[in-house]
Amino acid sequence: MSKVTPAMHVAVQMTHRVNKSGAEVQYRSVLLRRSYREGGKVKHETMANLSALPDAAVQTLRSSLAGKTMIEAGAGLQVTRSLPHGHIEAVYAMARGLGFEAMLGPACRERDLVMALLAARICAPSSKLATLSWFADTTLGRDLGPVSTDDLYGAMDWLGNRQGAIEKTLARQYLRPEVNPGKLALFDLSSSWVTGTRNLLAAHGYSRDKKRGVEQIEYGMLATRAGIPVAVRVVPGNTADPTAFIAIAKEIQDLAKVEDMVMVGDRGMITSARITALKKTTLGWVSALRNTAIQALAQDHGPLQMSLLDEQNLAEISHPDYRGERLIACYNPPLAAMRKHKREELLTVTEERLKTIQKAVTAGRLKDAGKTGLRVGKTLGKNNMAKHFTLTITDTTLAWERNPETIAREAELDGIYIIRTGVDTTTMDAAEAVRVYKSLANVEKIFKTLKFRDLQIRPIYHHTEERTRSHVFLCMLAGHLTWHLRTALAPLTCTDEDRPVPEEPVTAVHRSSAATRKASTQKLDDGTPARSYQDLLRHLGTRTRNTMTRTGQNGTFELLATPTPTQHQAAVLIHDHTTKNNRK
């Protein structure tokens, strides 16, 4: 029977002694020992004293005795490929932590591709063909294997077929009464242009992107009060806003399984005709009056008198034309000052344009009064200034003067807006109704994220109706994850983490002092850089996953780069956010 070699190990001993001067001195001994049993007891034998060796040599010997293979630094390892990974890891960590990946559907190849498309849309938005190239330059290329454009289109079709089920799940998570006690849902409509001429949804209509002369689609976004996208509907590009709103409103109750949901929309969305239709349902609503309606209420002996707002910035009024409704008049002094400045600016610009026409008439280049009137009408119509001028036009002259009465009448309503709602006071008081209407700004942030800042939903290259809808839905889901990522990573960016809520709802909301300090110094409290959200994503992407090989061997292994302090903190923030917000 062969003799078993006793195990050897490196032991470090610390001893304390008192020297001749009476001071306590600490001694460190590094010993090479072997352990063995004798009489049932474990004993140690010192083989050598290694105290004189440098720490690096001691550590190398300790690792070797532990069974690890030691390789000369820089000579035994090679990095054959380094691929960006950290930003993708952040997206997947957020999605899996929120239960988002499981919500998409059962595990399959299509779900893997949809998750990859979401990561691409968040990290590097582009066309599907460009996305394939991006896959190859990141760890997604290795993880997914070969992917073709047909594979991506098949994944989009799979996602489109599951849109209804996914939206129902999101609506139950974010709009059910337990997490949404106010039963509020924000809705707004936007548009984006389409390339090509074969898209059945594309049509010429009012472009909110100011992209004239091209066909577009329109899409309505349903969101929580905080601005988290929950559902989206795509309609032809020439659909009127109120028509699209009613189509969406009919689906709200089924999505959220809440009978008395309160829909919030702007004055162009929830019009008087739409309110009449909503009154036939159990849906509540919050909107605002148009300027013409406000002017009617402010006429002589009308309910809207400026004295109501002398001591406070909001007051409830009533009128027979709005039976069963509540009208909340609000006065915003900064808005009043802005409107006054803007009106004076437009009046001045209009007069300068009229002077140009007057010179042409005086010089005889414009001789017909009818033609002069047409040109003047176009000029006054550009900024809706016709009501503020009194004109005299002949074949040889053009004269005008400002109308002080109409200007004064309009100035009286500067800074005034009126909230209109059918929700009773027991459910929503006047101040809350104002705050709810102002929360529509969160939907505008969604569209800003979709179009400009993060996801670049436009232009739309797809031709079929189904894939156009799938593309918009994919962007909405990416917007959902982006909201969570922005919120979780706010401590590392210039985002305002704790924006103060003013006591008066009409007062404008300003950035907190902490956010102002971060934005001005571009530094966090610990002195590290305060990045923008996009810059932070790029920094996370610098954490690479490296393919390694040993010299003289054919096999490879992968090694993830050590995270920077910022990358480590981002991972912790994402974990904490998902732990807090994972809603079953």
### Message
Please compute the per residue accessible area over the stretch 271-400 with all protein chains in place, 1.4 Å probe, rounded to a whole number of Å².
### Response
60
### Message
Once neighbouring chains are kept in place and the probe is 1.4 Å, which whole percent of the accessible area of the chain is contributed by carbon and sulfur?
### Response
52
### Task
Please give the per residue accessible area of the stretch 46-148, computed with a probe of 1.4 Å over protein heavy atoms only, in Å².
49
## Note on the structure
Under the Karplus relation with 6.51, -1.76 and 1.60 and θ = phi - 60°, whole-Hz ³J(HN,Hα) for the stretch 325-334, x at Gly and Pro, equal 10, 10, 10, 10, 7, 10, 10, 10, x, x
### Task
For the chain, state the average projected area of the convex hull of the C-alpha atoms over all orientations, rounded to one decimal in nm².
47.6
### Summary
Env charge @ Lys211, Cβ radius under 15 Å, K,R +1 / D,E -1, value +2
## Note on the structure
Along the dipole axis of the stretch 263-319 (charges at Cβ: +1 for Lys and Arg, -1 for Asp and Glu; origin at the Cα centre), the most positive-end residue among Ile270, Ile294, Leu314 is Ile270
### Summary
Mean Cβ-within-10 Å packing, highest first, puts peptides 48-59, 100-111, 80-91 in the order 80-91, 100-111, 48-59
### C-alpha center-to-center spacing [the stretch 431-490, the stretch 256-306] in angstrom
25
### Task
Could you tally the net charge around Leu455, taking each other residue with its Cβ under 11 Å from the Cβ of Leu455, Lys/Arg +1 and Asp/Glu -1?
+4
### Query
Once you list every other residue whose beta carbon is under 12 Å from the beta carbon of Ala120, what net charge do they have if Lys and Arg are +1 and Asp and Glu are -1?
+1
### Task
Using the structure shown, list the pairs from Lys211/Lys340; Lys340/Lys518; Lys183/Lys279; Lys342/Lys367 with a Cα-Cα distance above 25 Å, or answer none.
Lys211/Lys340; Lys340/Lys518; Lys342/Lys367
### Summary
The Cα extents of the stretch 4-141 along the principal axes, largest first and rounded to whole Å, are 78, 42, 35
### Query
With each label point set 7 Å from Cα along the Cα-Cβ vector, what nm distance links Glu405 and Leu560?
7.6
### Query
Which of the peptides 401-412, 366-377 is most tightly packed, and how do the rest follow, judged by the mean count of other Cβ atoms within 10 Å per residue?
366-377, 401-412
### Task
Calculate, axis by axis, the spread of Cα positions in the stretch 144-211 along the three principal axes, and write the results as whole Å, longest axis first.
45, 41, 19
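Calculate, for the stretch 501-566, the solvent-accessible area per residue in square angstrom, rolling a 1.4 angstrom probe over the heavy atoms of the protein chains.
Working: 4050 Å² over 66 residues.
In whole numbers, the stretch 501-566 has 61 Å² accessible per residue.
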### Task
Run the dipole for the chain about the Cα centre, Lys and Arg Cβ at +1, Asp and Glu Cβ at -1, nothing else charged, and hand back the magnitude in debye, nearest 20.
1680
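The values are calculated or read from the model by the stated rules, or taken from the named source; none is laboratory data. Since the structure is predicted, the reported quantities are computational estimates derived from the model, not experimental observations. Virtual Cβ from ideal backbone geometry, glycine too; neighbours counted across all protein chains shown. SASA here: full protein model, heavy atoms, side chains in, ligands and nucleic acids out. Shrake-Rupley method; radii C 1.70, N 1.55, O 1.52, S 1.80 Å.
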